[in-house]
Amino acid sequence: MQFVSIVIPTFNRPYPLAELLESLSRQTYAKMDIIIVNDGGDRVDDIVALYPELDVQLIHCAENVGHVEARNIGVKAAKGDVIMLCDDDDLLLPCHVERMVLELADADFVYSDVEIFHYRVENNQRIPTKRFLFAYDDDREAMRQFSTYVPSGSVYRREIHEKIGYFDPYVNNYWDWDFFLRVSASFRVKRVAVASVLYAFSNEGDHLSRQMNDKRKMYLDRLSEKHGLGNLPTKNFWLLLEDPEVAKRKAPSKVIWDGTPIVSRLHRL
């Protein structure tokens, strides 16, 4: 059984973080630890203390270093030979870690499909209001035009960093796309056709940007130059999903979430 280190950067999202820890406490896979990198935000010790059964290493940054560097700090502190990434507001269904580790048997890097869910907040609890499947084939050439890789819940061998380095803050918003392209150039990558990750999307645009601003365009241009991607489209995320070239990549996937909100111990206090 391989040891998995789950790296979670966080910044002032206590209730979503508690929901994520709740989802991790329900995992069917036991051989894992969790590295939470608090990126200069309010302390989260009390939230971690609500889950004493989880092996959590909590790293506090004295100042905000940014989400990309926070991930690098977490990965460098990881003990496991296998790394799992997760954003602090996303969720993993109970089977997720076990399934992904099994899929590593013939791969170096695996990622699953996801369900994106919209929500409203009631008494600090996220209540899903709408959901849709985000599942696309993993054609590498197509991934050079529009990335359908969601980093939350993805699992890979730690040795990958020894060959290609860490996450690149120079491309900031597109660190995950950059990482996927770098990994897939040298390692075995596999998409797992099960939507066992829940990807949060607020109607206020908390998680996914509604429109391309100048800074995001700068990072996109940097990514394009780094990988020779040409002139990448700068459309809104939702409009890109309607693009015929993207739409034809839609793939079947197993949906397993029953739609029930994940209620954390923080909510029960």
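The values are calculated or read from the model by the stated rules, or taken from the named source; none is laboratory data. Computed from a predicted structure; not experimentally measured. All Cβ positions, even for glycine, are placed from backbone atoms using ideal geometry, and neighbour counts span all protein chains on display. With ligands, DNA and RNA removed, areas are computed over all heavy atoms of the protein, side chains included. Shrake-Rupley method; radii C 1.70, N 1.55, O 1.52, S 1.80 Å.
Structure data summary
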{"read-out": "Cross-link table Lys226/Lys248; Lys79/Lys250; Lys163/Lys226; Lys76/Lys190; Lys190/Lys235; Lys163/Lys248, entries beyond 29 Å C-alpha to C-alpha", "value": "Lys79/Lys250; Lys163/Lys248"}
{"read-out": "Virtual spin-label span in nm between Lys31 and Thr260, 7 Å along Cα→Cβ", "value": "2.9"}
{"read-out": "Inter-probe distance in nm under a simple model that places probes 7 Å from Cα toward Cβ, at Lys217 and Tyr170", "value": "2.2"}
{"read-out": "Spin-label pair Phe187/His60, simplified geometry with 7 Å Cα→Cβ offset, distance in nm", "value": "3.2"}
{"read-out": "With eigenvalues of the C-alpha gyration tensor scaled by 5 and rooted, the stretch 1-114, Å", "value": "23, 16, 12"}
{"read-out": "Formal net charge of residues neighbouring Gln145 (Cβ-Cβ distance under 14 Å; K, R +1; D, E -1)", "value": "-1"}
{"read-out": "Mean separation of Cα contacts under 8 Å (6+ apart) over length of the stretch 62-154, as relative contact order %", "value": "32"}
{"read-out": "Protection-proxy order for peptides 224-230, 184-190, 112-118, each taking the mean of Cβ atoms within 10 Å per residue, highest first", "value": "112-118, 184-190, 224-230"}
{"read-out": "Contact order relative to length of the stretch 1-149, as percent, for alpha carbon pairs under 8 angstrom and 6 or more apart", "value": "28"}
{"read-out": "Bins of 5 Å from zero: percent of alpha-carbon pairs in the stretch 167-269", "value": "2, 9, 13, 17, 22, 17, 10, 6, 3, 1, 0"}
{"read-out": "GNM result for the chain, Cα springs below 10 Å: residue of Pro244, Pro16, Pro252 fluctuating most strongly", "value": "Pro244"}
{"read-out": "For the chain, accessible area per residue (1.4 Å probe, heavy atoms of protein chains only), Å²", "value": "45"}
{"read-out": "The chain: Cα Rg divided by the 2.2 N^0.38 Å rule of thumb", "value": "0.95"}
{"read-out": "Radius 12 Å from Cβ of Ala30, net charge of other residues (Lys, Arg +1; Asp, Glu -1)", "value": "-2"}
{"read-out": "Exposure rank, largest accessible area first [Trp177, Trp238; 1.4 Å]", "value": "Trp238, Trp177"}
{"read-out": "Accessible surface of the chain [probe 1.4 Å, protein heavy atoms]: carbon and sulfur percent", "value": "48"}
